[in-house]
Amino acid sequence: MAFYTSCGAAQEVTGSCHLLEIGKIKILIDCGMFQGQEGPMNFEEFPFNPEDINYLILTHAHIDHIGRVPLLVKKGFKNTIITTKSTFHISKLMLKNSAGILETKEDVLYTKEDVDNAIKLFTSFLEPKETMLLEGDIKISFKDAGHILGSVSVKIEFIEDGVKKEIIFSGDIGQESRIISSPIEYWDKANYVFVESTYGSSIHDSIELSIQNFKDQIKQALNKKSVIIIPSFALERTQEILFLLKQMSENKELNDVSVYLDSPLAIDVTKAFLEFPELFSKEIETLIKKGENPFEFKELIKTYSKEESLNIVTQRQPKIIIAGSGMCEGGRVGYHIQKYASNPNNLILFVGFQVNHTIGRKISQKDKHIELHGKKIEVNAQISKISGFSSHADQKELISWIDKVKNIDCIYLVHGENNQLETLKNKIKTQLHDKVHVVKLKERIYL
Ligand SMILES: [Zn+2]
């Protein structure tokens, strides 16, 4: 007998956490942080006892999928964490950075010490295409989710009354065509599929068009001697942007203009990426194996220390500043927005998804007045969005991902805002399957 309980990312995109109980075995899939307006939910009790969890499986190293792991450990979880080696490597960087931010808050969710305790529990590694026997007859397998480096979707299978049952958790699913990642892998059959729905109602611009758009916007802004601010996620998006800027540098399209990578986390993650050449597209893998760094070019200046960061403002224009956080909720990008957003000649170029109610969402929706670190800021700079860089599949790709899975009894939709979920649900009903359900928070479902 198996039960599913939703512990996050229900009718929203953050706080991914799914509990699967198979008999007496309790498996948690992801333990992510709630972000944006859902942030206070991180302080609520887990809807289960962390001490009772037997296994924690992590699909990838984004904070909305791993951010509450140290909290889970602090609250008593002490068993095995299963993930890929690359996700482990990157999770260490992401969680330490997360604790550094949390320790500055009035109400500290967890500390660096809690992160150290969590890191000790990453003791079991599984790679895409591999299967692991947990206990009894429970097996888990991974496939490459094509979302970010090391990301996987998970199948959990077990025998009930002599019959095999298979449950898939999609994790976050990538686009079919990406800039640097290895290609997505598909599942062929399962009884139950829990699938992310971030872009359940949207169709992305093609990646080729988006790359062209990105490069054109940079060229135009450089001609106008603008300051270009790119709020970027440290993990994957920054490396994609660096790879594209390297291409521009080699084509002499950057005009020797300085590009500042102003994020210690992004600098560390970029370095870590180079340790896993086999997880990239063939093009990038070949470059790394030839000894070339796909994320390095002559105009790039990495500003690790605070002093180096503060010094950027004194440097001549035009200039390009890549800084976190990707949704402008923290990190160094806020400082640059304060400095440069009021000038209509400057450009703020969004290259990633902006969660509802975040500062990034407000600016990207062209709100003229925002408040940042208690200061009111007038945003007159040009605002632009490149939606096609998304590391998430769009509606068409989600449908195609689900369509490859045969023998489905029911599809459960998670990790999406309500309008995206409802549109995707209707699309699935008309094109694929009758049984599709939008999961509610704390809902318990018999599988
Ligand atoms: Zn993700």
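Read the figures in this text as sums done on the coordinates, not as results from a lab. None of these values were measured; they are calculated from a predicted model. Cβ: placed from backbone, ideal geometry, glycine included. Neighbour counts: every protein chain shown.
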Cysteines of the chain without any disulfide-compatible partner (other Cys Cβ under 4.7 Å) are CYS31, CYS328, CYS410
Linear extension gain, GLU308 paired with ASP205, 0.36 nm per residue minus alpha-carbon span: 33.4 nm
How charged is the neighbourhood of LEU133? Take every other residue with its Cβ under 12 Å from the Cβ of LEU133, and add Lys/Arg as +1 and Asp/Glu as -1. -3
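Go through LYS164/LYS396; LYS96/LYS440; LYS215/LYS385 and tell me which ones have a Cα-Cα distance over 23 Å in this structure.
Values: LYS164/LYS396 30 Å; LYS96/LYS440 31 Å; LYS215/LYS385 13 Å.
Correct reply: LYS164/LYS396; LYS96/LYS440.
Could you give the size of the charge dipole of region 207-389 about its Cα centre, using +1 on the Cβ of each K and R and -1 on the Cβ of each D and E, expressed in debye and rounded to the nearest 20?
Roughly 700 debye for region 207-389.
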Nearest 10 degrees is fine. How inclined is helix 85-102 to the longest principal axis of the chain, computing both from alpha carbons? 70
Distant alpha-carbon pairs in the chain (separation over 31 angstrom), percent: 39
Select from ALA145, SER232, TYR260 the residue farthest towards the positive end of the dipole of the chain; place +1 on Cβ of Lys and Arg, -1 on Cβ of Asp and Glu, and compute about the Cα centre. TYR260
For the chain, the longest principal axis of the Cα atoms and the Cα long axis of helix 418-431 enclose an angle in degrees, to the nearest 10, of 60
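Quick one: order ARG237, ARG316, ARG361 by neighbouring beta-carbon count within 10 Å, fewest to most.
On the way: ARG237 24, ARG316 8, ARG361 18.
Lowest to highest Cβ neighbour count: ARG316, ARG361, ARG237.
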Relative to the longest principal axis of the C-alpha atoms of the chain, give the angle of the C-alpha long axis of helix 237-250, reported between 0 and 90° and rounded to the nearest 10°. 40
Post the alpha-carbon centroid distance, region 14-56 to region 400-447, in whole angstrom. 21
Per the Cauchy relation, a quarter of the hull surface: what is the mean projected area of the convex hull of the alpha carbons in region 1-87, in nm²? 5.5
Please arrange HIS147, HIS357, HIS204 by how many other C-beta atoms lie within 10 Å of their C-beta, fewest to most. HIS357, HIS204, HIS147
Distances longer than 20 Å among the Cα atoms of region 207-389: what percent of all pairs is that? 52
Compare the Cα positions of THR314, PHE350, PHE243 along the charge dipole of the chain (+1 at Cβ of Lys, Arg; -1 at Cβ of Asp, Glu; about the Cα centre) and return the one farthest towards the positive end. THR314
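Say R0 is 41 Å: what FRET efficiency, to the nearest 0.05, do GLU292 and GLU176 get from their beta-carbon distance?
On the way: r = 26 Å, r/R0 = 0.64.
Once the sixth-power term is evaluated, E becomes 0.95.
Which of PHE295, PHE273, PHE243 comes first, and how do the rest follow, when ranked by fewest Cβ neighbours within 10 Å? Mind showing how you got there, number by number?
Numbers: PHE295 23, PHE273 28, PHE243 19.
Placing the least packed residue first, the sequence is PHE243, PHE295, PHE273.
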Per-residue ellipticity at 222 nm attributable to helices in the chain (runs of n ≥ 4 DSSP H, -39500 (n - 2.57) apiece, nearest 500 deg cm²/dmol) works out to -8500 deg cm²/dmol
